[in-house]
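*Asks:* This is the structure, below, for whatever I ask next.
The values are calculated or read from the model by the stated rules, or taken from the named source; none is laboratory data. All values reported here derive from a predicted model rather than from experimental measurement. All Cβ positions, even for glycine, are placed from backbone atoms using ideal geometry, and neighbour counts span all protein chains on display. Ligands, DNA and RNA are excluded from the accessible area calculation, which covers all protein heavy atoms including side chains. Shrake-Rupley method; radii C 1.70, N 1.55, O 1.52, S 1.80 Å.
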Amino acid sequence: YARTLGQEYLGMTGKFHTMWGEFGGFKHPNALRYETALSIAFGAKCSIGDQLHPSGKADIATYNLIGAAYSQIEQKEAWCEDVTPVVDIGVLSTEATAEFVNNRHSKEGIADEGAVRILLEGKYLFNLIDTKEDFYKYKLIILPDSVVLKDELKKRLDQYIADGGKILASGKSGLNYENTAFAFDFKADYVGLNEFSPDFCKMTESLKNNAGATYVMYSQGHIIENKGAEVLAYRENPYFNRDILHFCSHQHTPSTMQTAGCAIVKTENTAYIGWEIFSEYAKMGSLHLKEIVCSVIDKLLTCNKTLITNLPAQGIVTLMEQSKESRLVNHLLYASPVKRGDGIEIIEDIIPVHNVKIELILDKKPSRV
């Protein structure tokens with residue numbers, strides 16, 4: 001989000017193994033190499049936090065560690081100054097659109113986090129944006145789970161769609177202010193909340209290659225009725241909600257295997273997913289949730305993606321434009337955090353990743369690569 005504001009900004013990490021204020025704790029040098037590289041890949045400056053000993057003497061081990069990271073940054077600085085991101089997708093932040101009650105957010109959703117994770121892992125070029133952003137910078141706007149559509153925002157998005165822009169909404173996003181009907185023409189009617197939880201998703205052949213499997217959905221389901229849209233997935237309900245009088249298995253009741261209406265629909269410029277799928281991904285991380293969202297995005301963008309790569313899921317990819325040098329800079333990073341101890345993740349190994357393919361679709365042929 002910071003990089004959309006037209007200001008210099010700082011990516012900050014620390015040298016500590018646990019958290020700020022730890023004396024005698026150190027990260028592996030590869031962790032700082034990765035974290036500082038991550039900052040510059042997104043157009044940020046770098047800062048590595050330390051805490052001075054009460055004696056006033058700087059710790060040499062700390063500055064050897066920091067120096068190892070900054071020596072790598074020094075080699076790359078020329079490609080990282082005065083850059084702007086090249087993006088296809090804007091994620092309209094739920095925090096930017098949430099209502100306030102007594103100076104506090106009335107919603108405590110984590111949909112933004114789930115959306116960011118899916119788009120990073122799916123290797124999409126995107127920004128997290130607020131309501132002041134120019135929507136026309138983006139080929140697709142995502143409204144994750146609980147974006148409140150006030151009048152001015154609704155008008156701007158209506159005009160954006162009318163001018164050829166595309167939107168993807170999920171859950172309560174895409175509904176009118178009263179949450180009683182769709183605010184956009186998804187070629188479907190909004191019915192209400194599903195009384196069954198969890199319920200299930202069955203994808204069609206057009207959404208995914210292994211259609212036919214039934215996938216559990218733990219987030220709140222939203223019932224819709226098709227009025228001419230392309231159906232990408234159907235809903236299935238369980239036999240009953242598990243409660244004190246109704247029991248099945250250790251966790252929840254299985255699907256009846258009977259279709260309970262459409263759940264994901266698409267038109268030429270819009271798509272709607274009838275679950276709060278981004279929040280669910282932030283909590284559960286289920287692979288099928290990511291595959292659903294990525295499949296819907298790809299159907300909306302069609303062949304209009306700027307970058308395509310086979311970099312593995314934990315990899316990070318960005319594309320930055322450096323106008324003064326008349327060049328594009330493509331960053332690719334790969335390191336995999338490992339859980340060590342209770343709630344502590346570390347990066348120790350940076351393993352080379354081979355045979356990574358990149359396709360860039362540009363408006364002119366590059367003179368050299």
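*Asks:* Under the condition of being of a type in the set (Gly, Ala, Ser) and either assigned to a helix (DSSP H, G or I) or under 21 Å from residue 308 (Cα atoms) (or both), which residue from region 87-132 is modelled with the lowest pLDDT?
*Replies:* Among those residues, the one meeting the criterion is 96.
*Asks:* Looking at region 58-81, is at least one residue part of a loop (DSSP other than H, G, I, E, B), buried (at least 20 other Cβ atoms within 10 Å of the Cβ) and within 27 Å of the chain's Cα centre (by Cα)?
*Replies:* Yes: region 58-81 contains one or more residues that are part of a loop (DSSP other than H, G, I, E, B), buried (at least 20 other Cβ atoms within 10 Å of the Cβ) and within 27 Å of the chain's Cα centre (by Cα).
One line per residue, one yes/no per condition, for (1) open to solvent by 60 Å² or more (accessible area, probe 1.4 Å); (2) more than 25 Å from residue 226 (Cβ to Cβ); (3) modelled with pLDDT under 95; (4) aromatic (Phe, Trp, Tyr):
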site	(1), (2), (3), (4)
266	no, no, no, no
280	no, no, no, no
283	yes, yes, no, no
293	no, no, no, no
300	no, no, no, no
309	no, yes, no, no
313	no, yes, yes, no
344	no, yes, yes, no
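*Asks:* Does at least one position in region 299-306 carry a residue that is over 26 Å from residue 128 (Cβ atoms) and either in contact with a Lys or Arg (Cβ under 7 Å, 6 or more places away or on another chain) or part of a helix (DSSP H, G or I) (or both)?
*Replies:* no
*Asks:* Restricting attention to region 125-175, report how many residues are out of contact with any helix residue (DSSP H, G or I) (no Cβ under 6 Å at 6 or more places or on another chain), of a type in the set (Ser, Thr, Tyr), surrounded by 15 or more Cβ atoms within 10 Å (Cβ to Cβ) and over 24 Å from residue 219 (Cβ atoms).
*Replies:* Total satisfying the criteria: 1.
*Asks:* List the residue pairs whose Cβ atoms are under 6 Å apart, where the first residue sits in region 230-259 and is aromatic (Phe, Trp, Tyr), the second is modelled with pLDDT of 90 or more and in a loop (DSSP other than H, G, I, E, B), and the two are 6 or more positions apart or on different chains.
*Replies:* Listed by first residue and then by second, the contacts come to 239/253; 240/253.
*Asks:* Can you go through 63, 1 and tell me which one is of a type in the set (Phe, Trp, Tyr) and free of Cβ contacts under 8 Å to residues at least 24 places away in the same chain?
*Replies:* Going through 63, 1 in turn, the sole match is 63.
*Asks:* Looking at (1) open to solvent by 70 Å² or more (accessible area, probe 1.4 Å); (2) of a type outside the set (Ser, Thr, Tyr); (3) in contact (Cβ under 8 Å) with a residue 40 or more places away in the chain, can you tell me which one residue 332 breaks?
*Replies:* All conditions pass for residue 332, except number (3).
*Asks:* Answer with yes or no whether residue 33 is modelled with pLDDT of 95 or more and either crowded, with 18+ Cβ neighbours inside 10 Å or over 30 Å from residue 328 (Cβ atoms) (or both).
*Replies:* Yes.
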